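The values are calculated or read from the model by the stated rules, or taken from the named source; none is laboratory data. The model shown is predicted, which means the values in this text are computed figures rather than measured ones. FYI the Cβ positions are ideal-geometry reconstructions off the backbone, even for glycines, and counts take in every protein chain you see. Each accessible area value is taken on the protein alone, full model and side chains, heavy atoms only, with ligands, DNA and RNA left out. Shrake-Rupley method; radii C 1.70, N 1.55, O 1.52, S 1.80 Å.
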Amino acid sequence: MYEQSAWFAEIFQARRLFSMNMKISNAKPPHIPPSLPPAPSRRPEDQVTLGEHRQPPLEKATLWQKAVATTGVAATATVVAGLAYGGAFSSMGAGLAVAGSMVGAYFLADISTGLVHHFLDNVDPKKLPGGLARIADDFQNHHDHPRDVVHREFANHTADTQRITTPMLAGLAALAWTLPQLAPLTAGLTVFANCANLAQEFHRRAHMSDAENPALVNLCQKVGLMVPRRLHLQHHGAGHKSHYALLNGATNKILDDVHFRLTPGGVKSNLLRKMEVALYHWQGSEPNNWAETPGLKEQALRGIK
Ligand SMILES: [Zn+2]
Ligand SMILES: [Zn+2]
């Protein structure tokens, strides 16, 4: 009974204070902005994709870059037509040989992107000739501004690779029509050349959010046909000491987790650490990621137990 009356007294007091407040504030509603900007995401995978708020202008491809990229696509179509005309898919055995070579090339391209990426990230650009130095600068700048690549057109951000792969694909087109017995090799090299370009686009897509990417890209990332965002985040989020493969990321398992000795009693480390030691001796200065990750230098020089 006592509790109930105390409760009514509290309600009464609260109502009295409320009506007093309304009078004091002159019944003017407080100013609330119509819509607040969304708070920056705290999800770790978004720190790479959305964390940076620079909005550089779109880097468009030049007409020449577009022409080189289009020629590469035309050469690839010519390879496919040549392989089909030469009987590469005419029997189960021939088809399987071609398909096996293509799948092998897809994984070989992945590990190759890991090795090239590792070199360009960690080398001292001053030790390289002009064109290569610019590409190394480009890679290292990506660590400071991971979202810049999102604002570049495909033929622009793959231009350096297309300059090599388009002539290569033109040669493969000629090979497909003249030497049909080399079909598995031709098909494998064609996949490899195209994957060298696609890896850079897949990497770009890993820096875009689910909302920015079409549903098909999100699905390919989910099933691992394109390097998943979470996997690539581990490259940027851990001092650039691992996760270098950029096409599908499957071969990171080999690059990061396989530790071996080159000679009996030699240093036991993975291939990346061995490459860093080679770079250290060649350029006379430490690779970039040694400065970023305390203990990485010792790990590379002394190995793991
Ligand atoms: Zn990198
Ligand atoms: Zn990246």
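Summary of computed values
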quantity	calculated
Cross-chain or 6+ apart pairs with Cβ under 6 Å, the range 141-152 first and under 16 Å from Leu120 (Cβ atoms) and away from ligand 1 (no atom under 13 Å from the Cβ), then in a helix (DSSP H, G or I) and open to solvent by 30 Å² or more (accessible area, probe 1.4 Å)	none
Any pair with Cβ under 6 angstrom, 6 or more apart, that starts in the range 110-129 at a residue that is more than 19 Å from His143 (Cα to Cα) and assigned to a helix (DSSP H, G or I) and ends at one that is within 15 Å of ligand 1 (Cβ to nearest atom) and open to solvent by less than 30 Å² (accessible area, probe 1.4 Å)	Asp110/Ala245; Asp110/Leu247
Candidate set from the range 224-270 (those that are part of a helix (DSSP H, G or I) and without any contact (Cβ under 8 Å) to a residue 40 or more places away in the chain); member that is nearest to ligand 2 (Cβ to nearest atom)	His235
Matching residues, the range 66-93, being of a type outside the set (Val, Ile, Thr), more than 13 Å from Thr186 (Cα to Cα) and part of a helix (DSSP H, G or I)	Lys66, Ala67, Ala69, Gly72, Ala74, Tyr85, Met92, Gly93
Failed item, numbered, when Ala174 is tested on (1) more than 16 Å from ligand 2 (Cβ to nearest atom); (2) open to solvent by less than 30 Å² (accessible area, probe 1.4 Å); (3) not hydroxyl-bearing (Ser, Thr, Tyr)	(2)
Residue in the range 234-252 that is open to solvent by 30 Å² or more (accessible area, probe 1.4 Å), aliphatic (A, V, I, L, M) and within 13 Å of Leu115 (Cβ to Cβ) present	no
Meets criteria (out of contact with any Cys (no Cβ under 9 Å at 6 or more places or on another chain) and crowded, with 17+ Cβ neighbours inside 10 Å) for His259	no
Given (1) outside any loop (DSSP other than H, G, I, E, B); (2) open to solvent by 30 Å² or more (accessible area, probe 1.4 Å); (3) within 12 Å of ligand 1 (Cβ to nearest atom), index of the condition His203 fails	(2)
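Per-residue answers, yes or no, for (1) more than 16 Å from ligand 2 (Cβ to nearest atom); (2) open to solvent by 50 Å² or more (accessible area, probe 1.4 Å):
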site: Gly87; (1), (2): yes, no
site: Ala94; (1), (2): yes, no
site: Asp110; (1), (2): no, no
site: Thr113; (1), (2): no, no
site: Leu128; (1), (2): yes, no
site: Asp137; (1), (2): no, yes
site: Asn141; (1), (2): no, yes
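Table: residues versus (1) crowded, with 20+ Cβ neighbours inside 10 Å; (2) closer than 20 Å to His235 by Cβ; (3) more than 16 Å from ligand 1 (Cβ to nearest atom).
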residue: Asp121; (1), (2), (3): no, yes, no
residue: Asn156; (1), (2), (3): no, no, yes
residue: Leu185; (1), (2), (3): no, no, yes
residue: Ala193; (1), (2), (3): yes, no, yes
